[in-house]
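First comes the structure, then the notes that go with it.
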Amino acid sequence: MPRLLIADDDDVLRDLLGMDLSKEFEVIEARNGKEAVEKYVELKPDVVLMDIVMPEMDGVQATKEILKIDPMLEL
């Protein structure tokens, strides 16, 4: 089953997306950009859904960090 990382600081939205997509993906959740980068490194998800505005590290910066780690990713 492919892995999906959902990075969003809104617990309700993250849970709703996760419940809906859990039939097709193994869902991984992150509450902020920093946590998203850490979970990406650890678990190498196949798909990432990234919120833009989040605490600690926003989604744009987190995406840049992930692309540094894995430059062959497709956006």
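The values are calculated or read from the model by the stated rules, or taken from the named source; none is laboratory data. Not measured: the values here are computed from a predicted model. With ideal geometry, Cβ positions are generated from the backbone for all residues, glycine too; neighbour counts draw on all protein chains shown. All accessible areas refer to the heavy atoms of the entire protein, side chains included, with ligands and DNA or RNA removed. Shrake-Rupley method; radii C 1.70, N 1.55, O 1.52, S 1.80 Å.
Just a few scattered comments:
- Ellipticity estimate at 222 nm from DSSP helix runs (n ≥ 4, -39,500 (n - 2.57)) divided over the chain, nearest 500: -13500 deg cm²/dmol
- Among (1) -0.80, -1.03, -1.14; (2) -0.85, -1.16, -1.30; (3) -0.88, -1.30, -1.53, the entry derived from the coordinates for log10 I(q)/I(0) by the Debye sum over Cα atoms at q = 0.21, 0.25, 0.27 Å⁻¹: (2)
- Förster radius 25 Å - calculated FRET efficiency between Asp10 and Val60 (Cβ-Cβ, nearest 0.05): 0.90
- Stretch gain in nm, segment Glu42-Glu24, where the contour uses 0.36 nm per residue and the Cα spacing is subtracted: 4.4 nm
- Under 5 Å between amide hydrogens, built in the peptide plane, is the criterion, and for Ile28 it picks out Leu4, Leu5, Ile6 among residues at least 5 positions away or on other chains.
- Accessible surface, the chain, averaged per residue in Å² (probe 1.4 Å): 66
- What separates the Cα centres of segment 50-69 and segment 28-42 is a distance of 9 Å.
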